[in-house]
Amino acid sequence: MTVTEALASGPGSSVPEAGGHAVTTQARNKGLRRAVRPALAMAPFVIYTVLGLGIPTLAVIEEAFRSDTGKLTLANVHTVMHGTYRLGFLNSILLAAITSVVPGILGVFLAYAIETSRSGVLRRLVATASGVLANFGGINLTFMFIATLGSTGVLTAWLSVAHLNPWNHGFNLYSFYGVAFVYLYFQIPLMVLVITPALGGLRPAWREAAENLGASSFRYWRTVGIPVLLPSVLGGMLLLFGSAFAAYATADTLTAGTVTLAPIQIGEVLNGNVISGEENIGYAIGLGMLIVLTITMVLYSLVRRRASRWLR
C-alpha cells in the first residue's frame, strides 16, 4: 500500500509496519533456538545411554531367545528357570534382600544421628566418607576383609589370643553369609547418602506443633516422622537391593564361585565354562536379571514419587 492509497482510504486506516515480517521471523528463530538448546544439551547423554545401555539390552533380549545355531527358541529361558541357574537367582534375590533391609535400617539410624549432630564438621566428614565407601568394592574390598577377618587374618589372630576366634563359632567369610557381611561395608554408607536428604526434609515446625498439642516423642514419630520417612526409606532399600543383586566382583573374588549367584554364573559363561549347546545361557540369565532390576526400578520410581511430596 502506497502513502497515497493510505491517505485515500480515509481516517482510521493504518500503514503496515516496515519490517514487520522480519520481526516475526526473528521471533520464530529465537523460539526455535530456545527449543533446540535443551535437546542439544541432552544429546550426549541420550547417545551414551543408547550406545551403552539400549543396544546391549536389545542384544541380550534377542540372544536369550536364540539357540547356538541362531534359531529362535525358548530353551534358554526354560533352562535358567530350573536347576542350578534357578538356585543362582534365588540366592541373588535372598542376598540382595538381606543386604538391603539390614543396612537400610542401620543406615537410617546412623544418618539420623549425624543429621541431628550439632557438629558441621562431623556431618561433612561422614558425607565425604560415605561417598567414598559406597563406591569401594571389588578386589580391593575382598583383600581388605581377607587380610582382616580371613582364617589367618590380623583381627582373627588377635581374637584367637582371647579365645574369641569367630571361625571356631561357625563364622565363615567365604560363605553366603560371609558375602552378605562384606556387602554391609558399602551398603550402609550408600543408605546414609540416600536417606540424609529425606531426614533434612523433616521440618522442625512439625515437631514443635506436635509438642504444643501435647504429643509425646513416640507419638510424633508414629504419626508424623515415620509416615513421612517411610517412602524414602523404602526407596533407599530398593536401591540397595538393585546394587547388591547386580554386584559381581566382590562375591566372585571372595568365594571363587563356590556360592551360586546369578552374576557369577554369567561370569562363568563369559569365561567359557559352559556346557556345549548352552552358549546363550548367559544371555538368558542376563534377561532374568534385567527383569528383576526393571521391576525394582519401577517400584523405586513409584515410591520416590510419593516421597517427593514431602521434600518440596
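If we scan region 178-201, do we find a residue that is more than 25 Å from residue 244 (Cα to Cα) and either surrounded by fewer than 19 Cβ atoms within 10 Å (Cβ to Cβ) or of a type in the set (D, E, K, R) (or both)? Explain how you work it out, then say what you get.
First, pick out the residues of region 178-201 that are more than 25 Å from residue 244 (Cα to Cα): 200-201.
Pick out the ones that are also either surrounded by fewer than 19 Cβ atoms within 10 Å (Cβ to Cβ) or of a type in the set (D, E, K, R) (or both) and you get 200-201.
There is at least one residue in region 178-201 that is more than 25 Å from residue 244 (Cα to Cα) and either surrounded by fewer than 19 Cβ atoms within 10 Å (Cβ to Cβ) or of a type in the set (D, E, K, R) (or both).
Yes/no per residue for (1) in contact with a Gly (Cβ under 7 Å, 6 or more places away or on another chain); (2) closer than 30 Å to residue 91 by Cβ; (3) among the hydroxyl-bearing types (Ser, Thr, Tyr):
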residue: 181; (1), (2), (3): no, yes, no
residue: 187; (1), (2), (3): no, yes, no
residue: 192; (1), (2), (3): yes, yes, no
residue: 199; (1), (2), (3): no, no, no
residue: 217; (1), (2), (3): no, no, yes
residue: 235; (1), (2), (3): no, yes, no
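Residue count for region 106-142, restricted to those that are β-branched (Val, Ile, Thr) and under 18 Å from residue 197 (Cβ atoms): 5.
The residue that is farthest from residue 259 (Cα to Cα), among those in region 61-106 that are surrounded by 19 or more Cβ atoms within 10 Å (Cβ to Cβ), assigned by TED's automatic domain parsing to the domain that holds residue 300 and among the small types (Gly, Ala, Ser), is 104.
In the condition set (1) open to solvent by less than 60 Å² (accessible area, probe 1.4 Å); (2) more than 19 Å from residue 98 (Cα to Cα), residue 154 is compliant with all but (1). Checking region 154-166 against the condition returns a match, with at least one residue being outside any loop (DSSP other than H, G, I, E, B) and either of a type in the set (Ser, Thr, Tyr) or under 25 Å from residue 264 (Cα atoms) (or both).
For residue 227, are the conditions met, namely being surrounded by 12 or more Cβ atoms within 10 Å (Cβ to Cβ) and assigned to a helix (DSSP H, G or I)? When the stated conditions are applied, residue 227 does not pass them.
In a helix (DSSP H, G or I), surrounded by fewer than 19 Cβ atoms within 10 Å (Cβ to Cβ) and of a type in the set (A, V, I, L, M, F, W, C), is that true of residue 218? The answer is yes for residue 218. Here region 167-179 is the region considered, the condition is being closer than 12 Å to residue 145 by Cβ and assigned to a helix (DSSP H, G or I), and the residue that is farthest from the chain's Cα centre (by Cα) is 178.
For region 165-173, check the following and say yes or no: at least one residue is over 22 Å from residue 256 (Cβ atoms) and surrounded by 15 or more Cβ atoms within 10 Å (Cβ to Cβ). Yes, some residue in region 165-173 is over 22 Å from residue 256 (Cβ atoms) and surrounded by 15 or more Cβ atoms within 10 Å (Cβ to Cβ).
Any idea how many residues of region 234-256 are in a helix (DSSP H, G or I) and open to solvent by 20 Å² or more (accessible area, probe 1.4 Å)?
Filtering region 234-256 for residues in a helix (DSSP H, G or I) gives 234-246, 249-255.
Applying the additional criterion that residues be open to solvent by 20 Å² or more (accessible area, probe 1.4 Å) yields 234, 237-239, 241, 243, 246, 249, 252-253.
Of the residues in region 234-256, 10 are in a helix (DSSP H, G or I) and open to solvent by 20 Å² or more (accessible area, probe 1.4 Å).
Does residue 190 qualify as being modelled with pLDDT of 90 or more and within 17 Å of the chain's Cα centre (by Cα)? Spelling it out, residue 190 is indeed modelled with pLDDT of 90 or more and within 17 Å of the chain's Cα centre (by Cα).
Filtering 145, 109, 136 for residues that are open to solvent by less than 80 Å² (accessible area, probe 1.4 Å) and more than 11 Å from residue 186 (Cβ to Cβ) leaves a single hit, 145.
The values are calculated or read from the model by the stated rules, or taken from the named source; none is laboratory data. Because the structure is a prediction, the values reported are computed rather than measured. We place every Cβ from the backbone using ideal geometry, glycine too, and count neighbours over all the protein chains shown. To get the accessible areas, we keep the full protein, side chains included, count just its heavy atoms, and leave off ligands, DNA and RNA. Shrake-Rupley method; radii C 1.70, N 1.55, O 1.52, S 1.80 Å.
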